[in-house]
Amino acid sequence: MEVITVSELARKMNLKASELIGKLMEMGMMVTINQQIDAETAEILASEYNCNVKIVSLYDETLIETEKDNDEDLRERPPIVTVMGHVDHGKTKLLDAIRSTNVVAGEFGGITQHIGAYKVKVRDHEVVFLDTPGHEAFTLMRARGAQITDIVILVVAANDGVMPQTIEAIHHAKEAKVPIIVAVNKVDLADANIDRVKQQLSEYDLIPEAWGGSTLFCEISALKKTGIDSLLETVLLQAELLELKANYTCRAEGKVIESKVDHGRGIVSTVIVQRGTLRVGDAFVAGVYPGKVRALFNDKGEKIDEAPPATPVEILGFTGIPDAGSPFQVTETERQARQVGAKRQELEKQGEAQNVKKITLDNLYDSI
Ligand code: GTP
Ligand code: MG
């Protein structure tokens, strides 16, 4: 992890160290002049002064050159849509409704539950959905500003209204500059109060079009499966506006969503491929661990040979358990993967050896 002392950062920013220490205190962090802060904190701090911090990261510094995109390499890719919201507001139920809609259409079924990432066909378009609960990992990725999601569906139960995790989800989506589609759920309940939800969300700048705003609202019942088609139409519409494209031919890059040790199969990681096409046999480095793809499985648990952009895929072939949120990159050779992994492990150890204080986006919001 990249670090810098408060005094050095102050010097680079042409400010007094005491000024930065005061600012950090306002942000809920007590530091001394010689203390090191991590790069993310430095970046947040610098942005308070309209300064840009260039992070020479563990991950950039290490020998993997990103392949450039030529216009002709870019093709349309499916949107990645994350369902977020307060506990019990019906996120999983909504995904169930979406998937069973497709099961009814004879296209889907037998979906592996533990992945939490699904590719669904909506009319002629593929859409990737991520369910967030249990995906603490996902919050982490968001907080790091990783742009894995293109669209957020914010589920708010009409009987319960806006709750703390609703607000947290709004912050995360805004931080990542991701458009929000609001799904007001549980409209079948007698105590549903849709207007109250709209009113409450207006306070967070999510104002429905009918009220003169620009946020897309859908009224649904995940239980009764009403309003789902219209929500999916809205997702497609929003995706179209984003004109999402990716390079299908370069070496694959993505993000680790979750990792586990499976008794039969060893280390299994779910990765979202963001660009390039991942193939069996590819050498890679995931966070600090090198590896070679032994097998790939799609979200239905079926073995596949390759995974194009915007594909959630389970991968076998790791030498260690990569953290959720870690970058996943295919390398030119196995040797390169090993070298990069070793270098990152060394840098990580150095970082750990130092007493690094971290500020997360969550406690940052609290302190504003
Ligand atoms: P967490 O993953 O724990 O954050 O919850 P969740 O948002 O995924 O909620 P989940 O889908 O598990 O639904 C919670 C409860 O609300 C379940 O009992 C659902 O059956 C119920 N529920 C979900 N959608 C609706 C709906 O549209 N109407 C009604 N009446 N109940 C619903
Ligand atoms: Mg759930």
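So which of Lys91/Lys224; Lys91/Lys303; Lys68/Lys255; Lys177/Lys255; Lys121/Lys300; Lys93/Lys186 end up more than 21 Å apart, counting from Cα to Cα? Please report the intermediate quantities before stating the final value.
Numbers: Lys91/Lys224 14 Å; Lys91/Lys303 28 Å; Lys68/Lys255 19 Å; Lys177/Lys255 18 Å; Lys121/Lys300 13 Å; Lys93/Lys186 10 Å.
The pairs that break the limit, which is 21 Å between Cα atoms, are Lys91/Lys303.
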Given a Förster distance of 41 Å, the FRET efficiency implied by the Cβ-Cβ spacing of Thr333 and Lys245, rounded to the nearest 0.05, works out to 0.90
Report, ordered by chain and residue number, the aspartates and glutamates lying within cross-link reach of Lys245, taken as a straight Cα distance under 18 Å and ignoring same-chain residues fewer than 8 apart. Glu67, Asp69, Asp71, Glu72, Asp73, Glu76, Asp124, Glu126, Asp150, Glu253
Which lysines, on any chain, are close to Lys16 with Cα under 23 Å apart, when same-chain ones fewer than 8 places away are left out? Lys54, Lys357, Lys358
Going by the alpha-carbon gyration tensor, a ≥ b ≥ c the square roots of its eigenvalues, is the range 216-273 rounded (a/c under 1.5) or, if a/c is not under 1.5, prolate (a/b greater than b/c) versus oblate? oblate
Return the distance in nm (one decimal) between the two label points of a simple spin-label model at Glu209 and Arg196, each offset 7 Å from Cα along Cα→Cβ. 2.7 nm
Taking loop as defined by DSSP and a crowding limit of 14 other beta carbons within 10 Å, which trypsin sites (Lys or Arg not before Pro) in the range 231-339 fit? Arg265, Lys300
Pair Lys300, Glu8: separation of 7 Å Cα→Cβ label points (nm): 5.3 nm
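We did not get these values from a lab; they are worked out from the coordinates using the rules stated. In this text the structure is predicted, and so the values were computed from the model without any measurement. Quick reminder, even Gly has a Cβ in these numbers, built from the backbone with ideal geometry, and neighbours come from all protein chains shown.
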